[in-house]
Amino acid sequence: MKSHTEYLTFNVPARMGFLNITPQLEQIVRTSGVKEGLLLCNAMHITASVFVNDDEPGLHEDYKAWLEGLAPFDPSPQRYKHNRTGEDNADAHMKRQVMGREVVIAITNGKLDFGPWEQVFYGEFDGRRSKRVLAKVIGE
Amino acid sequence: MKSHTEYLTFNVPARMGFLNITPQLEQIVRTSGVKEGLLLCNAMHITASVFVNDDEPGLHEDYKAWLEGLAPFDPSPQRYKHNRTGEDNADAHMKRQVMGREVVIAITNGKLDFGPWEQVFYGEFDGRRSKRVLAKVIGE
Amino acid sequence: MKSHTEYLTFNVPARMGFLNITPQLEQIVRTSGVKEGLLLCNAMHITASVFVNDDEPGLHEDYKAWLEGLAPFDPSPQRYKHNRTGEDNADAHMKRQVMGREVVIAITNGKLDFGPWEQVFYGEFDGRRSKRVLAKVIGE
């Protein structure tokens, strides 16, 4: 069994934003030399996500508005007890649970085995600082 | 390390619906010959889910009503910017995030290593057309 | 390829609660002898979750209140059809979907490859009884 691990770093200039990281992951699979296996890709921070969806700017705006409705940003300690610790990002911990921590993607014939519109995104919910993403390939 | 990949196709006649795909996955594990390993099963479309829960029709009706409350179907371009592209399925992209893209299931002694009520479902949120699901087994 | 499987049992005395299970998983990785690979950890019950987030009590209270808002406990058969079966836990099946069934964590150099604040939790949404969690390591 082969394995290959890389760490990517992203710094989203806004509190919330989505980056298409598919090209980086495709390169990691090529570097790994794995032809049949799995790619795990996860946010290493707990106010960020890695998820698979569509690269359509209108949809990304919809996601932002929808997540803001489900878990509104509110730095006050009244709404969120987490913000009594000096943090202001309790909402980001919730948004990340809705969008997920990680994806596991099949590698078939040396490539990410995607459906027609699948693209991988880094989802940031408490940005304006550098955060890391882990990508690990295992297989043969 | 062994690997085995299959693609399943489903066509749900309604906009939203859930199909129990556990028997197909059990067959795929048998075909793979893997005794110890992992099964990845994911929707290949971004308005569909694969998830594990209970095969109880009342619960499935509850899921539909609950998801409709969290992300209502609305083909107009007013509520969802994604629907300005000519699509009408922005809500389906959200419902899929709540229910998830994929499951990873342990294979132990040649079988899916389930708890007492675990069953795997294909979740459709923009149906009435054929969509694919990927199942990949790795292990030994 | 090596593999190693363990089953953990938890009994949360409240309906909803979160337990940090990171130490148990670290021990399982050591026992497995795997240096490079993946750990799958999933709830074996469909009203419970395994998820990665922060070990901060205020945040856990926020999660409880937030999940209760998204899917309120209501044992009556009026709100949830699932509760017409004699169950009272339809809400727990929804809370579990928001928080997720499983996590897949990279093992690098013989350790769980975590970001600075990542901790693994068992999330219980219908407690006061014993439930199992599966942990499976594959790799070399």
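The values are calculated or read from the model by the stated rules, or taken from the named source; none is laboratory data. In this text, all values refer to a predicted model and were calculated from it rather than measured experimentally. Ideal geometry is used to build each Cβ from the backbone, glycine not excepted, and the neighbour counts take in all protein chains shown. Note: areas computed on protein heavy atoms with side chains; ligands, DNA, RNA excluded. Shrake-Rupley method; radii C 1.70, N 1.55, O 1.52, S 1.80 Å.
Things to note:
- The set of residues from the stretch B:82-96 being free of Cβ contacts under 8 Å to residues at least 24 places away in the same chain and open to solvent by less than 20 Å² (accessible area, probe 1.4 Å) comprises B:82, B:83, B:90.
- Looking at B:105, B:28, B:138, just one residue is crowded, with 17+ Cβ neighbours inside 10 Å and more than 9 Å from every other protein chain (Cβ to nearest Cβ), and that residue is B:28.
- Residue list for the stretch B:1-25, restricted to those being more than 14 Å from chain C (Cβ to nearest Cβ) and under 30 Å from residue A:2 (Cα atoms): B:4, B:5, B:6, B:7, B:8, B:24, B:25
- Members of the stretch B:18-46 found to be farther than 16 Å from residue B:108 by Cα and touching a His at 6+ places or on another chain (Cβ under 8 Å), listed by number: B:18, B:46
- Within the stretch A:63-81, being open to solvent by 50 Å² or more (accessible area, probe 1.4 Å) and within 11 Å of another protein chain (Cβ to nearest Cβ) holds for A:64, A:65, A:69, A:77, A:79, A:81.
- Residue match in the stretch C:94-105 (condition: at positive phi and within 14 Å of the chain's Cα centre (by Cα)): yes
- Residue C:55 being among the charged types (D, E, K, R), more than 30 Å from residue B:69 (Cα to Cα), open to solvent by 10 Å² or more (accessible area, probe 1.4 Å) and at pLDDT 95 or above: yes
- Checking residue A:132 against (1) assigned to a strand (DSSP E or B); (2) open to solvent by less than 30 Å² (accessible area, probe 1.4 Å), the condition it does not meet: (2)
- Residue in the stretch C:35-44 that is of a type outside the set (D, E, K, R) and open to solvent by 10 Å² or more (accessible area, probe 1.4 Å) present: no
- Every residue from the stretch A:73-102 that is closer than 20 Å to residue C:95 by Cα and among the hydrophobic types (A, V, I, L, M, F, W, C): A:90, A:92, A:94, A:98, A:99
- Qualifying residue in the stretch B:41-51 (condition: out of contact with any strand residue (DSSP E or B) (no Cβ under 7 Å at 6 or more places or on another chain), more than 10 Å from chain A (Cβ to nearest Cβ) and not small (Gly, Ala, Ser)): no
- Considering residues of the stretch A:108-129 that are part of a strand (DSSP E or B), open to solvent by 10 Å² or more (accessible area, probe 1.4 Å) and touching a helix residue (DSSP H, G or I) at 6+ places or on another chain (Cβ under 9 Å) only, the residue nearest to the other protein chains (Cβ to nearest Cβ): A:119
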